[in-house]
Amino acid sequence: MYMKSKERDPEQQAFNDEIRRLLERAFDAIPDDYRSVFMLREIEGLSTAETAECLEISEENVKTRLHRARALIQRELYSAAGEKATTAFQFLGARCDRVVARVMGRIREKNRS
């Protein structure tokens, strides 16, 4: 009987460490105003109203800053990924064929109804 260890193997640990470093770098690269909102909303789980109250800004400002923070973090991550980022989620080959087949099947079913 094979017993699987609850410990992560060294490869998983290295991968997780690299992902953590990339996220931390992206997070550190965004302006403080955006970072504060992102931290309170996404990490601490505060509501928009609670975040607005903590930072003494409007709820609309919280929403705007959160949206911009996410966009900046995404840009930083794609930048760190380099050329690989543009090919990571391409819609090619078998994946494309499966999606097209499902869509066409649903269209045919709908037309029969």
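The values are calculated or read from the model by the stated rules, or taken from the named source; none is laboratory data. As the structure is a computational prediction, the values presented were derived from the model and not from experiment. Cβ sites come from the backbone with ideal geometry, for glycine too, and all protein chains shown count toward neighbours.
State yes or no: is residue 56 at positive phi and either of a type outside the set (Phe, Trp, Tyr) or modelled with pLDDT of 90 or more (or both)? So residue 56 passes the test. Tally the residues that are farther than 23 Å from residue 20 by Cβ, hydrophobic (A, V, I, L, M, F, W, C) and either in contact with a Phe, Trp or Tyr (Cβ under 7 Å, 6 or more places away or on another chain) or surrounded by 13 or more Cβ atoms within 10 Å (Cβ to Cβ) (or both), restricting the search to region 44-85. Counting residues in region 44-85 that are farther than 23 Å from residue 20 by Cβ, hydrophobic (A, V, I, L, M, F, W, C) and either in contact with a Phe, Trp or Tyr (Cβ under 7 Å, 6 or more places away or on another chain) or surrounded by 13 or more Cβ atoms within 10 Å (Cβ to Cβ) (or both) gives 5.
Selection of region 59-77 for residues being of a type outside the set (Lys, Arg), at pLDDT 95 or above and touching a helix residue (DSSP H, G or I) at 6+ places or on another chain (Cβ under 6 Å) yields 59, 62, 66, 69.
Quick check: is even one residue across region 10-20 touching a residue at least 40 places away in the same chain (Cβ under 8 Å) and either out of contact with any Cys (no Cβ under 8 Å at 6 or more places or on another chain) or surrounded by 14 or more Cβ atoms within 10 Å (Cβ to Cβ) (or both)? Let's see the steps before the verdict.
From region 10-20, those touching a residue at least 40 places away in the same chain (Cβ under 8 Å) are none; that's our starting set.
Among the residues of region 10-20, not one is touching a residue at least 40 places away in the same chain (Cβ under 8 Å) and either out of contact with any Cys (no Cβ under 8 Å at 6 or more places or on another chain) or surrounded by 14 or more Cβ atoms within 10 Å (Cβ to Cβ) (or both), which makes the answer no.
Which of the residues spanning region 53-85 are small (Gly, Ala, Ser) and more than 15 Å from residue 32 (Cα to Cα)? Within region 53-85, 58, 79, 80, 81, 82, 85 meet the criteria.
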